[in-house]
Each structure stands twice: as C-alpha cells, then as structure tokens.
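Below you'll find the structure, written out as structure tokens, and then a few comments.
The values are calculated or read from the model by the stated rules, or taken from the named source; none is laboratory data. Quick caveat: nothing in here was measured; it's all calculated off a predicted structure. Here the Cβ is made from the backbone with ideal geometry for all residues, glycine too, and neighbour counts use every protein chain on show. Accessible surface areas use protein heavy atoms only, side chains included; no ligands, DNA or RNA. Shrake-Rupley method; radii C 1.70, N 1.55, O 1.52, S 1.80 Å.
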Amino acid sequence: MGNLQQVFKAYVWARAMGAEGISEASDMSVILNNYMEKRLLAIPGVTRSHPDMPGYRLEMTRFSLEELFEETGISAVEVQNRMADFGIDAFWLSHEPWIVPQPFTPEAGEMWSREDIDYWIDVLAHVCDEARRDPDLVRTAPHHQAAPPPAPRNLDDPAIGATTWAAYLRKRGTR
C-alpha cells in the first residue's frame with residue numbers, strides 16, 4: 001500500500017484547511033522563517049548557508065555553526081544536545097555528507113507561535129554563549145535527560161555499520 005496513510009492524512013489536512021487556510025499557513029510560514037533568519041544571524045557564530053543568494057527565503061533556511069565550531073570546538077551536534085536540556089526540540093541537522101559545515105535547520109513553519117520562536121532562538125543564543133564561556137558544559141550535555149548522550153562512533157567504519165540485520169549478523173559471525 002506504500003504511503004497510503006500519509007497520502008490520506010495529507011488529503012484530509014488539505015480538505016480541512018481549504019484554499020484560504022493553506023494560503024494563510026504558507027504566508028505565515030514564510031513570514032516566520034524570515035523573522036527567524038533575522039534573529040538567528042544576530043547570534044555570533046551563526047551564518048546563513050549560501051550567503052551569496054540575496055532575498056528572502058521561502059522555507060526552512062539552512063544555517064551553519066561553522067564559525068562557532070572553529071572558535072570553540074563545539075559542534076552542531078553538541079549544541080543540539082545542550083538545547084535538549086532546556087526542554088525544547090533542537091534543530092534538524094542534515095543528511096550526511098554535510099554540504100554546509102556544521103549545519104542546522106530550524107523548522108518553525110506555521111506551527112510555532114512567535115513566543116515559541118523567540119524562546120527557541122534565545123536558548124540557541126544562550127547555548128552559543130555557553131560554548132564560549134564553558135565549552136565542557138556544552139560538550140557533556142544533555143545533563144537533564146533520562147539517558148546520557150550516546151558514545152561517539154564512526155558510522156562510516158564498515159566494521160561497525162551494517163545496512164541490514166542479515167549483514168550485521170554476518171559481520172558478527174553469527175550467521
């Protein structure tokens with residue numbers, strides 16, 4: 001049946017929103033995305049991907065924490081883990097390989113209120129400031145979660161990674 005459930009949910013959402021609702025949601029998404037961009041670029045260490053492309057972005061702008069990483073050694077993943085301590089969803093990283101160094105993509109869209117966006121950006125600014133003042137606090141995060149951060153592993157190592165369960169069992173010599 002493929003993605004029948006997702007197609008059905010999308011159909012129901014579109015019918016429930018109607019043409020005016022979808023238009024309003026898309027307008028709100030563009031406005032909030034550009035509001036976020038202006039506030040995020042005011043944080044030291046945050047840059048916009050493809051800064052040579054002028055104009056407003058329509059949706060989900062990719063940003064980079066490369067300057068913060070070069071200055072402090074704190075990666076985007078470590079910033080993401082620290083943001084979890086504040087009880088918020090951290091940003092979306094990117095698929096490997098990273099085209100933008102130390103990428104992050106906030107996904108506010110039309111779902112968040114302006115107050116939620118402001119709080120999220122304030123938390124990111126606070127964590128970036130912590131990365132400069134106390135990098136070990138950020139590096140060892142999350143501190144207030146039920147599980148500790150996972151141990152770093154090189155998933156590119158063919159001895160560790162396996163694309164299927166059968167391949168995993170073959171590598172472990174159990175099959």
Within the set of pairs 6+ apart or on separate chains, which have a first residue in the stretch 22-49 that is closer than 27 Å to Glu71 by Cα and part of a loop (DSSP other than H, G, I, E, B), a second that is charged (D, E, K, R) and open to solvent by 10 Å² or more (accessible area, probe 1.4 Å), and C-beta atoms under 8 Å apart?
-> Leu41/Arg48; Pro44/Glu67; Gly45/Glu67; Gly45/Glu71; Val46/Glu67; Ser49/Arg62
Residue hits (the stretch 144-166; open to solvent by less than 80 Å² (accessible area, probe 1.4 Å) and modelled with pLDDT of 80 or more) are Thr164, Ala166
Residue, nearest to Arg57 (Cα to Cα), within the stretch 14-36, restricted to residues that are at pLDDT 90 or above and surrounded by 12 or more Cβ atoms within 10 Å (Cβ to Cβ) | Gly21
In the stretch 73-92, the residues that are open to solvent by less than 30 Å² (accessible area, probe 1.4 Å) and touching a strand residue (DSSP E or B) at 6+ places or on another chain (Cβ under 7 Å) = Ala76, Phe91
Which of the residues belonging to the stretch 43-72 are closer than 18 Å to Asp116 by Cβ and surrounded by fewer than 17 Cβ atoms within 10 Å (Cβ to Cβ)?
-> Glu59, Met60
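Residues checked against (1) of a type in the set (Phe, Trp, Tyr); (2) over 20 Å from Ala125 (Cβ atoms); (3) touching a Ser or Thr at 6+ places or on another chain (Cβ under 9 Å):
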residue	(1), (2), (3)
Asn3	no, yes, no
Asn34	no, no, yes
Thr61	no, no, yes
Leu65	no, no, yes
Met83	no, no, no
